[in-house]
Amino acid sequence: MTVLFYLAASVALISTLAVIIQTNVVHALLYLILSLLAVAVIFYTLGAPFAAMLEAIVYAGAIMVLFLFVIMMLNLGQRSREQEKSWLEKRIWIAPVLMAAALVAQLINVASQQQANVSGVEVGVREVGLALFGPYVLAVEIASVLLLAGLVGAYHLAKK
Amino acid sequence: MQAIPLEHGLILAAMLFALGLIGVLTRRNIVFVLMCLEIMLNACGLAFVAASARWGHADGQIMFLMILTLAAAEVAVGLGLIIQMYRKFQTVDINVLTQMKG
């Protein structure tokens, strides 16, 4: 299980790196789907199979497919690929990489102070369902209102 | 079978978050910026699930469900905005969005 965790973690990191470097939008999207599926495997190794299935079905399966639909609808084409290459010069990476490296160094510094291990307990669908209908029932209702707001907003924004 | 240290999960979430942040700051295509925002949201979800796996609770997975809902609504609205932008400017370059009305 630990080997699977580190393997999936390296796949997630490498494919995320590939996403930000790509010039072709569709290729970047496919690498992002790969990264999301690797994170789903990580969730499974951490003992959260419900979160793993949610990630695979909703995030990689619905949200990224929505992205693909819009990209296909925009129909950017060959001209956009050359445009992307011209936009990605070497010198624009320096400042963001330095700032993000400072952030990551601080986060790693804080995260390394944990001395705990992941408990091998598998928190399955039953526990999550009991918690959703128990203490977190209000969050479910508010999430449905949020989705309604997103639906109405997206409909209005995409109308002619 | 040895257990996975919590810090490795959190460090992975931090590195994914930083990669998404670099993508948001460098790219000029608005679709890429939205994709890198999704990477950052996913990294936050990973941090929540890893932290809840350490205690054996369901709370982190519920927070992950909420983050997923938020990401779905945000992507829907964001893609609608991208479509509007493309209709108006015929480009996906974010540099055309420098003017505010009035």
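The values are calculated or read from the model by the stated rules, or taken from the named source; none is laboratory data. Just so it is clear, the model here is predicted, and its values are computed rather than measured. Ideal geometry is used to build each Cβ from the backbone, glycine not excepted, and the neighbour counts take in all protein chains shown.
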Residues of the range B:22-37 satisfying the condition of being of a type outside the set (Val, Ile, Thr), facing chain A (nearest Cβ under 7 Å) and touching a residue at least 24 places away in the same chain (Cβ under 8 Å) = B:ARG28, B:ASN29
Top-ranked residue of the range B:41-58 - restricted to ones that are facing chain A (nearest Cβ under 7 Å) and touching a Phe, Trp or Tyr at 6+ places or on another chain (Cβ under 8 Å), ranked as nearest to A:PHE50 (Cα to Cα) = B:VAL49
Sole exception among (1) within 23 Å of the chain's Cα centre (by Cα); (2) closer than 19 Å to B:ARG27 by Cα; (3) surrounded by 13 or more Cβ atoms within 10 Å (Cβ to Cβ) for A:GLN83, by number | (1)
Here are some conditions: (1) outside any helix (DSSP H, G or I); (2) within 23 Å of B:THR91 (Cβ to Cβ). A:SER119 meets all but one. Which one does it not meet?
-> (2)
Would you check which residues across the range B:44-60 are modelled with pLDDT under 95 and not hydrophobic (A, V, I, L, M, F, W, C) and list them?
-> B:SER52, B:ARG54, B:GLY56, B:HIS57, B:ASP59, B:GLY60
Which of the residues that make up the range B:71-101 are more than 7 Å from chain A (Cβ to nearest Cβ) and within 14 Å of the chain's Cα centre (by Cα)?
-> B:GLU74, B:GLY78
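State yes or no: is B:ILE30 within 20 Å of A:THR23 (Cβ to Cβ), surrounded by 23 or more Cβ atoms within 10 Å (Cβ to Cβ) and not charged (D, E, K, R)?
Spelling it out, it is not the case that B:ILE30 is within 20 Å of A:THR23 (Cβ to Cβ), surrounded by 23 or more Cβ atoms within 10 Å (Cβ to Cβ) and not charged (D, E, K, R).
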Looking only at the range B:1-21, which residues are within 7 Å of chain A (Cβ to nearest Cβ) and assigned to a helix (DSSP H, G or I)?
-> B:LEU6, B:GLU7, B:GLY9, B:LEU10, B:ILE11, B:LEU12, B:ALA14, B:MET15, B:LEU16, B:ALA18, B:LEU19, B:LEU21
Between residues in the range A:107-119 that are facing another protein chain (nearest Cβ under 7 Å) and residues that are surrounded by 13 or more Cβ atoms within 10 Å (Cβ to Cβ) and not in a helix (DSSP H, G or I), which pairs lie under 6 Å by C-beta distance while being six or more apart or on different chains?
-> A:ASN117/B:ALA3; A:ASN117/B:PRO5; A:VAL118/A:LEU46; A:VAL118/B:ALA3; A:VAL118/B:ILE4; A:SER119/B:GLY56
Based on what the data block shows, is A:SER144 outside any loop (DSSP other than H, G, I, E, B) and more than 28 Å from B:ALA13 (Cα to Cα)?
-> no
Kindly indicate which of A:VAL97, A:VAL123, A:VAL104 is at the interface with another protein chain (Cβ under 7 Å from one of its Cβ atoms) and in contact (Cβ under 8 Å) with a residue 40 or more places away in the chain.
-> A:VAL123
Quick check: is even one residue across the range A:29-48 surrounded by fewer than 15 Cβ atoms within 10 Å (Cβ to Cβ) and more than 10 Å from chain B (Cβ to nearest Cβ)?
-> no
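Among the residues of the range A:104-116, what is the count of those that are surrounded by 15 or more Cβ atoms within 10 Å (Cβ to Cβ) and part of a helix (DSSP H, G or I)?
The total comes to 4.
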